[in-house]
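Values quoted throughout were computed directly from the atomic coordinates according to the rules given, and no laboratory measurement underlies them. As the structure is a computational prediction, the values presented were derived from the model and not from experiment. Glycine gets a Cβ as well: all are built from the backbone with ideal geometry, and neighbour counts include every protein chain shown.
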Amino acid sequence: MDRAALKAQIDQPHGRGAAINPPNRFAATHTERDLEQVEHDEDFLEAQAHPKTEYLRDASQSVVTSNDSPDIPFRYSLNPYRGCAHGCGYCYARPTHEYLGLSGGLDFETKIFVKEDAPALLREFLARPKWQPEAIMLSGVTDPYQPAERDFRITRGCLEVLLEARHPVSLITKNALILRDLDLLRELAALRLVHVAISITTLDAELARELEPRTSSPAGRLRAVRALSAAGVPVAVMTAPIIPGLNDHEIPALLAGAAEAGANTAGWVMLRLPWSVRPVFLDWLARVRPLAREKVEHLLREVRGGELNSSQWGERMRGTGALAGQIAQLFRVCRRRHGLERAMPAYDLSLFRRPQPATGQMQLF
């Protein structure tokens, strides 16, 4: 391949949602790529055009975190991984990589931190004498079934601990890999201890490959909904994010597909562009959907009070204004039409049994 072609691939790396590394807002300095200095180094250029995913050990000493956000329907969460190789161009979690001294762009999807001790740390957390059972979300920030899970099996390890403890759990993913753990999920469902949400942004396979390059296909996700429902696992479908001018017209078809696959209910979230998500998503629009960029930006400003993002409680997940109201109304009508208003079953908290700590130390009382 000639250098011009390599340069083109570097500017739009295959299988990645981001093609840039925006500056870290916490760093005093940042670097700019200068390919002119390496224009004759074809091996280096080849590596830049096909960035590999690195897996790094995360030695966190605790894994369950809490939040008090009025916009989030769960209090406790556990994220087995930091960063996500799914590479979704719109991912709201991208800025979390900046706390690690990295970028929310390519770094977020190529440098994945792995919490190999998560199952043991979860066991210790549940064994605390003062802990009272309350649903823990897997994972809430990055996807617990991203490609790394095929090898590291950390999410499965956490599910095994939760099943042993008879502890409630909810999961959200856009990867059909969740079906690998159907045996555990079926047991948890029989005990009324699990809720699953499958995120489906679009039914357009081409758009999904461009926008969410390393996720399961839309058809694969619908098959996952169908298989989970058939196994008795309560399933919700999240049509998220809704991107005005790009996928909002798909709401009727998305909800029809969710209902046909057996989902209990459905939800939605308006696209959010906090911090480093904004330059990554706008760069994606310019590269991949240039003809739609002006329209999408205009409509985003329409639902965000003239801005591209809002961090205000109560509106950041839905937007404001006439267009946001129309999207919400369309969603409500379609959800009602397709019978997607069934409540997820209540968790049975009475089954909880405190697990024995990994140390083997028994409790006296």
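So the values come out like this:
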{"item": "Projected label distance in nm at GLN356 and GLN329, using a 7 Å step from Cα toward the beta-carbon", "result": "6.1 nm"}
{"item": "Extension reserve of the ARG223-ALA120 stretch, reckoned as 0.36 nm per residue once the Cα distance is removed", "result": "33.9 nm"}
{"item": "Contact order normalised by residue count of the range 1-128, Cα under 8 Å, 6+ apart, percent", "result": "33 percent"}
{"item": "Sum of -39500 (n - 2.57) over DSSP H runs of 4+, divided by residues of the chain (222 nm, nearest 500)", "result": "-10500 deg cm²/dmol"}
{"item": "Order of ARG316, ARG354 under a 10 Å beta carbon neighbour criterion, fewest first", "result": "ARG354, ARG316"}
{"item": "Rounded to whole Hz, the Karplus (6.51, -1.76, 1.60) HN-Hα couplings of the range 268-279, x for glycine and proline", "result": "8, 9, 6, 3, 10, 10, x, 6, 6, 5, 4, x"}
{"item": "Space enclosed by the convex hull of the alpha-carbon atoms of the range 75-146, per residue, Å³", "result": "101 Å³"}
{"item": "Point-charge dipole on Cβ atoms (K/R +1, D/E -1) for the range 45-180, about Cα centre, debye to 20", "result": "320 debye"}
{"item": "Projected label distance in nm at ALA231 and HIS30, using a 7 Å step from Cα toward the beta-carbon", "result": "4.2 nm"}
{"item": "Radius of gyration and Dmax over the Cα atoms of the range 273-365, both given in Å", "result": "22.5, 68"}
{"item": "Cut-off under 5 Å, modelled amide H: who pairs with ILE136 long-range", "result": "VAL169, SER170"}
{"item": "Placed amide H near ALA197: partners under 5 Å, 5+ positions off or other chain", "result": "LEU171, ILE172, THR173, ALA236"}
{"item": "Column: log10 I(q)/I(0), Debye, Cα scatterers of the range 121-271, q = 0.10, 0.14, 0.19, 0.21 Å⁻¹", "result": "-0.35, -0.67, -1.14, -1.33"}
{"item": "Principal axis box of the chain, alpha-carbon based, largest edge first, Å", "result": "68, 50, 36"}
{"item": "Out-of-range pairs (alpha-carbon distance over 30 Å; input LYS115/LYS174; LYS52/LYS115; LYS130/LYS174)", "result": "LYS130/LYS174"}
{"item": "Inter-label distance, nm, simple model (7 Å from Cα along the C-beta direction), ARG186/ASP71", "result": "3.9 nm"}
{"item": "Computed Rg/Rh of the range 1-145, alpha carbon atoms with Kirkwood Rh", "result": "1.08"}
{"item": "Phi to ³J(HN,Hα) by Karplus 6.51 cos²θ - 1.76 cosθ + 1.60 over the range 212-225, Hz, x for Gly, Pro", "result": "10, x, 10, 8, 5, 5, x, 5, x, 5, 5, 4, 5, 4"}
{"item": "Charge-dipole axis of the range 38-119 as Lys and Arg at +1 and Asp and Glu at -1 on Cβ define it, positive-most pick from HIS50, TYR81, VAL64", "result": "VAL64"}
{"item": "The range 308-316 - phi-based ³J(HN,Hα) in whole Hz, Karplus 6.51/-1.76/1.60, Gly and Pro as x", "result": "9, 7, 9, 9, 6, 4, x, 10, 5"}
{"item": "Least to most buried among TYR81, TYR55 (fewest other Cβ within 10 Å first)", "result": "TYR55, TYR81"}
{"item": "Sorted by Cβ neighbour density within 10 Å, fewest at the top, the residues LYS111, LYS174", "result": "LYS111, LYS174"}
{"item": "Calculated FRET value between ALA343 and HIS40, using beta carbons and R₀ = 51 Å, to 0.05", "result": "0.20"}
{"item": "Under 5 Å, built H, 5+ apart or other chain: amide partners of MET270", "result": "ILE242, ARG318"}
